[in-house]
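Heads up, the thing below is written out as structure tokens.
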Amino acid sequence: METSAPQYKRVLLKLSGEALMGERAFGIDKNILRAYAVDIQEAVGAGIELAIVIGGGNIFRGVSDLGSEMTRAHADYMGMLATMINAMALQAALEEIGVYTRLQSAINMEEIAEPFIRRRAVRHLEKGRVVIFGAGTGNPYFTTDTAASLRAAEIGAEVVLKGTRVDGVYTADPLKDPKATRFERIYGMDVIERNLKVMDLTAITLLKDSKIPIIVFDMNKKGNLTRVLKDSSIGTTVYW
């Protein structure tokens with residue numbers, strides 16, 4: 001049901017690195033990056049305090065398949081660096097259209113980003129700045145979904161938005177099963193029991209413990225970022 005004002009004030013947006021590829025085999029499609037920046041600008045203009053975590057699969061997995069030939073820890077650190085490339089690209093796109101941003105990294109990179117400091121991140125949000133969290137959790141063996149859940153809990157986010165290329169959570173993969181149906185709302189434990197792969201188990205358990213809902217929606221539809229916060233029928237809400 002659509003309302004005139006957003007239902008949430010402080011939001012954590014999780015974007016996949018692969019989404020930035022568009023139709024490319026790897027890397028960043030500048031048109032998609034620009035479209036995301038415009039949608040984020042609209043959300044900030046609506047009064048939303050917005051933090052972002054973005055993956056890095058378009059950089060590391062796109063460049064090579066070396067990840068299978070090295071230790072998991074080494075590959076994960078490379079993935080963290082890939083998230084910083086995407087975060088910096090998104091920061092540049094936002095600042096080009098006048099959106100104030102701060103980039104915070106879980107790994108010390110003083111020349112390009114602030115260190116992650118929870119109180120500082122919250123203060124930036126209160127001042128209307130978009131805060132982009134890079135380098136995952138700073139530890140191997142944790143996904144960027146887990147980083148998004150962790151940061152959401154730390155900053156007191158009211159909801160995690162998972163922007164994808166599909167319009168919600170389905171009974172099966174809608175790209176493979178034409179009979180798959182979309183859930184408008186689904187209880188979080190049902191997501192876990194059905195193995196619907198909204199997020200990995202560590203990430204979703206963190207959100208369960210913090211009672212933070214997840215909304216899965218199509219980020220590639222223009223204006224959906226703001227729209228999903230006003231209209232509960234858009235996407236799928238995972239609740240606790």
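Read-outs: derived from the displayed coordinates by stated rules, not from any lab. Being a predicted model, the structure only gives us computed values, none of them experimental. Note that each Cβ is placed from the backbone with ideal geometry, even for glycine, and that neighbours are counted across all protein chains shown.
Just the number, please: percent antiparallel of the DSSP beta bridges in region 10-239, rounded to the nearest 5.
If I count the DSSP bridges inside region 10-239, around 15 percent turn out antiparallel.
Per DSSP H run of n ≥ 4, the term is -39500 (n - 2.57); total these for the chain, divide by its residue number, and report the mean residue ellipticity at 222 nm rounded to 500 deg cm²/dmol.
Values: 8 runs with 88 residues, N = 240.
Result for the chain, helices only: -11000 deg cm²/dmol.
So for region 10-239, averaging the separation of alpha carbon pairs under 8 Å that are six or more residues apart and normalising by length, what relative contact order in percent results? Mind showing how you got there, number by number?
Numbers: 451 pairs, mean separation 51.3, N = 230.
Here the relative contact order equals 22 percent.
Dividing the Cα convex hull volume of the chain by residue count, how many Å³ per residue is that? Intermediate results must be reported in sequence, preceding the final value.
Details: hull volume 29.9 nm³, N = 240.
Hull volume normalised by residue count: 125 Å³.
Sum up the charges of everything whose Cβ sits under 11 Å from the Cβ of Arg24, counting Lys and Arg as +1 and Asp and Glu as -1, but leave Arg24 out. If you can, show how the numbers build up before the last one.
Working: positive: Lys30; negative: Glu18, Glu23, Asp29.
Computed value for this residue: -2.
Beyond 18 Å, how much of the Cα-Cα pair distribution for region 85-175 remains, as a whole percent? Kindly include the intermediate steps, with their values, before the conclusion.
Details: 2138 of 4095 pairs.
Taking all Cα-Cα pairs of region 85-175, the fraction more than 18 Å apart is 52 percent.
Let me know the volume per residue of the alpha-carbon convex hull for region 157-240, in Å³. Don't jump to the answer; show the numbers that get you there.
On the way: hull volume 7.5 nm³, N = 84.
Considering the Cα atoms of region 157-240, their hull volume per residue is 89 Å³.
Counting only residues 5 or more places away or on other chains, whose amide H sits under 5 Å from the amide H of Ile215 once H atoms are built in the peptide plane?
Sorted by chain and number, the residues that satisfy this are Val160, Leu161, Lys162, Val238.
If you stretched the chain out fully between Asn108 and Asn139, how much longer would it get, using 0.36 nm times the residue separation minus the C-alpha to C-alpha distance? Let's see the in-between values first.
Numbers: separation 31, 0.36 × 31 = 11.16 nm, distance 1.22 nm.
Stretched out fully, the Asn108 to Asn139 stretch lengthens by 9.9 nm.
For the pairs Lys179/Lys211; Lys9/Lys208; Lys127/Lys162; Lys9/Lys162; Lys14/Lys127, flag any whose C-alpha to C-alpha distance is greater than 28 Å.
On the way: Lys179/Lys211 31 Å; Lys9/Lys208 20 Å; Lys127/Lys162 24 Å; Lys9/Lys162 16 Å; Lys14/Lys127 21 Å.
Correct reply: Lys179/Lys211.
Per the Cauchy relation, a quarter of the hull surface: what is the mean projected area of the convex hull of the alpha carbons in region 44-139, in nm²?
Working: hull surface 26.3 nm².
Computing the convex hull of the Cα atoms and averaging its projections yields 6.6 nm².
For a footprinting-style exposure proxy, rank Arg24, Arg119 by other Cβ within 10 Å, fewest first.
Working: Arg24 12, Arg119 9.
If I rank by nearby Cβ atoms, fewest first, I get Arg119, Arg24.
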